There are 2 protein chains.
Amino acid sequence: MVSLQAMRLAQDGVLTSNCPSRVVLDHLTSKWGVLVLSALADGTLRWGELRREVDGISEKMLAATLRTFEADGLVHREAYPEIPPRVEYSLTALGREAAEALGPLLRFAVEHAEEIVG
Amino acid sequence: MVSLQAMRLAQDGVLTSNCPSRVVLDHLTSKWGVLVLSALADGTLRWGELRREVDGISEKMLAATLRTFEADGLVHREAYPEIPPRVEYSLTALGREAAEALGPLLRFAVEHAEEIVG
DNA sequence: CCACCAACTTACCAGAAGGTGGGTACTCTC
DNA sequence: GAGAGTACCCACCTTCTGGTAAGTTGGTGG
């Protein structure tokens with residue numbers, strides 16, 4: 001099942017303009033969403049590690065993306081009340097599913113980048 | 001292979017801020033990119049059909065998205081010099097690969113929409 | 001006493017994304 | 001001869017995205 005039409009056979013009216021799946025799609029395909037989720041795909045990372053892992057992201061955007069995903073239940077935030085502060089981010093079960101769904105997309109982008117940009 | 005780190009083991013420096021794969025990712029995850037590609041996933045569609053299929057898209061954005069994908073070699077545009085004009089859009093082989101890569105993402109969004117938005 | 005660390009937040013601002021409403025060209029129908 | 005249908009393009013304007021830079025907190029090292 002890959003096409004819009006096929007999905008609509010299974011569930012009528014899905015992915016229309018006011019369908020909740022559109023919101024989920026928007027969050028996942030936000031500028032930094034794919035990258036942040038993929039960075040967390042193989043384990044817990046601290047704030048600073050994430051910032052280094054996702055090359056080019058600003059602090060503001062990292063915070064915003066993480067907040068969205070936390071509210072969506074895709075990312076778990078664990079704060080340790082130490083000095084200096086330490087906060088660890090990891091994927092929830094749902095987040096891991098999302099990351100897996102993004103895998104093929106990431107692979108396609110990497111494999112065909114030269115071909116397409118050229 | 002799902003994570004950033006895993007992809008970087010295979011290819012160093014991939015998906016950094018000036019990597020071509022970032023551009024491809026941006027095109028595919030543009031607001032209407034996923035929807036347009038998925039709409040074309042099971043066959044050729046005319047301009048008007050696409051507009052109806054991708055609920056909520058404006059003419060301007062449909063044109064822009066199609067132009068980008070045509071330039072990227074993902075979409076084929078076939079114009080028939082008839083009256084009234086007829087233009088058919090379809091996926092290239094590369095475009096079909098892209099659509100397949102987007103399938104899991106689409107499915108995840110639909111399946112977990114209620115869970116996440118709620 | 002001052003700077004520094006982490007992990008943020010906030011204010012400000014530029015530029016891009018994207019919507020609206022118009023126009024085009026041609027012909028066929030009413 | 002008025003209107004509809006098709007596949008667009010263009011100018012204008014608004015909204016939103018996202019970057020930069022500064023401030024915050026509470027201790028700790030120099």
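Structure notes:
- The number of residues in the range B:89-118 being facing chain A (nearest Cβ under 7 Å) and within 17 Å of B:Leu66 (Cα to Cα) comes to 5.
- Count of the range A:44-85 residues which are within 12 Å of DNA strand D (Cβ to nearest atom), in contact with a helix residue (DSSP H, G or I) (Cβ under 9 Å, 6 or more places away or on another chain) and acidic (Asp, Glu): 2
- Annotation note: of A:Asp72, A:Asp42, A:Asp55, the sole residue that is acidic (Asp, Glu) and under 30 Å from B:Gly73 (Cβ atoms) is A:Asp55.
- Test: residue in the range B:56-64 that is within 10 Å of another protein chain (Cβ to nearest Cβ), crowded, with 16+ Cβ neighbours inside 10 Å and without any contact (Cβ under 8 Å) to a residue 60 or more places away in the chain: yes
- Output for the range B:12-37, where each listed residue is among the β-branched types (Val, Ile, Thr) and open to solvent by 10 Å² or more (accessible area, probe 1.4 Å): B:Thr16, B:Val23, B:Thr29
- Note on the range B:70-98: residues that are open to solvent by less than 50 Å² (accessible area, probe 1.4 Å) and touching a residue at least 24 places away in the same chain (Cβ under 8 Å) total 10.
- Scan of the range B:7-22 for residues that are more than 7 Å from chain A (Cβ to nearest Cβ) and under 18 Å from B:Ala71 (Cα atoms), ordered by number: B:Arg22
- A:Leu25 vs. criteria within 12 Å of chain B (Cβ to nearest Cβ) and over 27 Å from A:Pro84 (Cα atoms): yes
- Looking only at the range B:38-55, and only at residues there that are without any contact (Cβ under 8 Å) to a residue 24 or more places away in the chain and either within 16 Å of DNA strand C (Cβ to nearest atom) or open to solvent by less than 60 Å² (accessible area, probe 1.4 Å) (or both), the one that is farthest from the other protein chains (Cβ to nearest Cβ): B:Gly48
The values are calculated or read from the model by the stated rules, or taken from the named source; none is laboratory data. Treat the numbers as computed from the prediction; the structure is a model and nothing was measured. Methodologically, a virtual Cβ is constructed for each residue, glycine included, from the backbone with ideal geometry; neighbour enumeration extends over all protein chains shown. Heavy atoms of the whole protein, side chains included, go into the accessibility calculation; ligands, DNA and RNA do not. Shrake-Rupley method; radii C 1.70, N 1.55, O 1.52, S 1.80 Å.
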